[in-house]
């Protein structure tokens, strides 16, 4: 039995796809149709304490810098810079927190075959599933 992909979360062979997280599921490859990839919903639980702490540190630095700097223009520039950094940080984290999802039709139901925040492993699993489905169609 050729194995197209194997790691602790998923195993893709020419006959089955076994997913071990979030719960164990097994799918027969010959019954999988219309495989496609989407970006999932934002998982706000993945927001790390360090990122929220960084926003607090920047805000504190801006608020306490006025007496040190002494100039209104410098204070305004610091506030603008902190705002830009905060917005950029939020956008980067928001994009990172949206998982990649591999969906398909299995026994006439829409399912999520695989979900990952790691783009590289997601692409590898996607290629493995495509090869497995193509191989089962040729048999």
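The table that follows gives values for the structure above.
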item: Least to most buried among 111, 87 (fewest other Cβ within 10 Å first); result: 87, 111
item: For 24, 106, order by how many other beta-carbon atoms lie within 10 Å, fewest first; result: 24, 106
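Taken together, the values in this text are just the output of simple stated rules run on the coordinates, not laboratory data. Just so it is clear, the structure is predicted and the values come from calculations on it, not from any experiment. Methodologically, a virtual Cβ is constructed for each residue, glycine included, from the backbone with ideal geometry; neighbour enumeration extends over all protein chains shown.
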